[in-house]
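Undergrad: Submitted below is the structure of interest, expressed as structure tokens.
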Amino acid sequence: MNHRTPKTAQPPHSTAIIGLQWGDEGKGKAVDRLAADHDVVVRFNGGANAGHSVVVGGTRFALHLIPSGILHQGKLAVIGNGVVVDTEKLLQELEGLEGRGVKTGGLVLSDRAHIVAPYHKMEDSLREELLRASIAGDSSGGAASGGGDIGTTKRGIGPAYAEKIHRSTAVRAGDLLRPEVLREKVSRACMFKNSQLSGMAERVGGATARDFVPFDPEKISRDLLEHGEKLRARIQDTTYLLHDLLSQGKRILFEGANATLLDVDHGTFPFVTSSSTTVHGIGPGTGVSERCLSSVLGVMKAYTTRVGRGPMPTELFDDIGNRIRERGREYGTTTGRPRRVGWLDLVAVKYAAMVNGITGIVLTMLDVLDGIDELRVCTAYEIDGKRTERFVPDGPELIKAKPVYTAFKGFSADLSGVRTLEDLPAGARRYLEFIENYVGVRLALVGVGPGREQTIECGG
Ligand code: GDP
Ligand code: IMO
Ligand code: MG
């Protein structure tokens, strides 16, 4: 056997950016910051459920399907095969960016990315409605079984991934360029969906049942073919593309969407999303091995937020929670929903750091904690009277967890202009040191505001 290293092999020098909590940690800003040092930015999971806000020169951009790296001119932006793509939303997003002067010529879409069709979005809404109805009158809100609705973004994410697993009815981006194949697949899909969804609509009753109109496969095929024509030049085999770039020594930045505690395997199931949101989603979602990575950066807020349902042990229902929500502008980028806010849960973060094998921490929103007299950090849970420092990635179990806190004296100073660790107030530095020591990973960057430049480089 020949064990020589092939000529094309390059030392690993790519980076992954992964959310360590329940999403909205500031991944978009971190990607925007790091994109300058990379050649390609790649999305590998999720769909238009993601909302990544980036503020450049005072202008705010919200990205859902397009990698945040698009805001750097000359970078390639790739939507990998692991993403589920609502082509209508993608075209709108492209148009919106072009309208604001952002060049989008560098965006490429995998021919194997699965398509979110209109019936997936309707199924998402109907399922949520029926699940909500199923726990009406249940005093625990379905918590015991992890039942009830999930509080999805209703972007059709779960049904589109389910379709992919069903196989024969799933449409991929490459099919949008093959009218015969597309029409057959959409007809088959509509056969299943129309009978399933009309039954669900009937069960919901009222206007939903009255207004239900079966999906017309011809119309859906026509629309998708039109989207395909508009996207033709962008639809490619991105696996070979990425490998070719790697063999030329190019650096890839993988942009995680959603976050570790929403991972379908490692998150707080069933209150999760439907994709692999951790670093381990990169392989299946792009066809590129994790071996190309030299760093895995985990992004975390200085506190915790969550959108949608599911347990969140450190949730705050008081004035401090409201204050953090307002100061941190904690309203969903995708749905506008107010985010649930809580103290920093280090049990959860340490678990997420472990699952992803992170090499550095990007901590965001430190500025938001300014002016709070006492800061609390959850360092253990008490479950059924027993203390544990292990996270519980299971909805019905985690709901029993009571947080055990370590308290800190807060800090009072406007951090938005601070650019070095030394210039931070002592209280803020102590908070950061405690986090580093608890998680056992060094800080790489600390965010003190939404702007690209409002970042402290820590060297970790
Ligand atoms: P993502 O989904 O992980 O990309 O995060 P989102 O963009 O949904 O939410 C993060 C929000 O925090 C956005 O509005 C960002 O502009 C903002 N943001 C990011 N980092 C910081 C920071 O360090 N301080 C403040 N105040 N805002 C930040
Ligand atoms: P970014 O990339 C926050 C949550 C939803 C819901 C659950 C399932 O911006 O961090 P889905 O529509 O995916 O089936 O919803 O997951 N969720 C997110 N919450 N940020 C996200 O993405 C999210 N993506 C999904 O609120 O609770
Ligand atoms: Mg977000």
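The values are calculated or read from the model by the stated rules, or taken from the named source; none is laboratory data. Owing to the predicted nature of the structure, the values given are computational and were not obtained by experimental measurement. When we count neighbours, we look across all protein chains shown, and the Cβ atoms used for this are built from the backbone with ideal geometry, even at glycine.
Undergrad: Just to be sure I understand, how many residues within region 330-351 are under 19 Å from Leu366 (Cβ atoms) and either more than 18 Å from the chain's Cα centre (by Cα) or not charged (D, E, K, R) (or both)?
TA: From region 330-351, those under 19 Å from Leu366 (Cβ atoms) are 330, 339, 341-346, 348-350; that's our starting set.
Among the residues that remain, those that are also either more than 18 Å from the chain's Cα centre (by Cα) or not charged (D, E, K, R) (or both) are: 341-346, 348-350.
Number satisfying all stated conditions: 9.
Undergrad: Given the criteria more than 22 Å from Ser289 (Cβ to Cβ), in contact (Cβ under 8 Å) with a residue 40 or more places away in the chain, of a type in the set (Val, Ile, Thr) and out of contact with any Cys (no Cβ under 7 Å at 6 or more places or on another chain), does Thr87 qualify?
TA: On the way: more than 22 Å from Ser289 (Cβ to Cβ): yes; in contact (Cβ under 8 Å) with a residue 40 or more places away in the chain: yes; of a type in the set (Val, Ile, Thr): yes; out of contact with any Cys (no Cβ under 7 Å at 6 or more places or on another chain): yes.
Criteria met by Thr87.
Undergrad: Of all residues in region 155-174 being buried (at least 18 other Cβ atoms within 10 Å of the Cβ) and assigned to a loop (DSSP other than H, G, I, E, B), which is farthest from the chain's Cα centre (by Cα)?
TA: The qualifying residue farthest from the chain's Cα centre (by Cα) is Thr169.
Undergrad: Mind counting the residues in region 317-354 that are surrounded by fewer than 22 Cβ atoms within 10 Å (Cβ to Cβ), more than 16 Å from ligand 2 (Cβ to nearest atom) and in a helix (DSSP H, G or I)?
TA: Going through region 317-354 one residue at a time, the tally reaches 10.
Undergrad: Select the strands (runs of 3 or more DSSP E) contained entirely in region 364-460, then report the ones holding at least 3 residues which are surrounded by 18 or more Cβ atoms within 10 Å (Cβ to Cβ) and away from ligand 3 (no atom under 16 Å from the Cβ).
TA: Working: elements: 374-383, 386-388, 402-409, 443-447, 455-457.
It comes to 374-383, 443-447.
Undergrad: Within region 130-142, can one find any residue that is touching a helix residue (DSSP H, G or I) at 6+ places or on another chain (Cβ under 6 Å), modelled with pLDDT under 95, assigned to a loop (DSSP other than H, G, I, E, B) and farther than 22 Å from Gly80 by Cα?
TA: no
Undergrad: Go through the residues of region 90-103 one by one and say whether even a single one is modelled with pLDDT under 95, in contact with a strand residue (DSSP E or B) (Cβ under 8 Å, 6 or more places away or on another chain) and either under 27 Å from Gly328 (Cα atoms) or not β-branched (Val, Ile, Thr) (or both).
TA: Checked region 90-103: no residue is modelled with pLDDT under 95, in contact with a strand residue (DSSP E or B) (Cβ under 8 Å, 6 or more places away or on another chain) and either under 27 Å from Gly328 (Cα atoms) or not β-branched (Val, Ile, Thr) (or both).
Undergrad: As an exercise: evaluate Ala233 against (1) under 23 Å from His166 (Cβ atoms); (2) hydrophobic (A, V, I, L, M, F, W, C); (3) without any contact (Cβ under 8 Å) to a residue 12 or more places away in the chain and give the number of the one condition it does not meet.
TA: (1)
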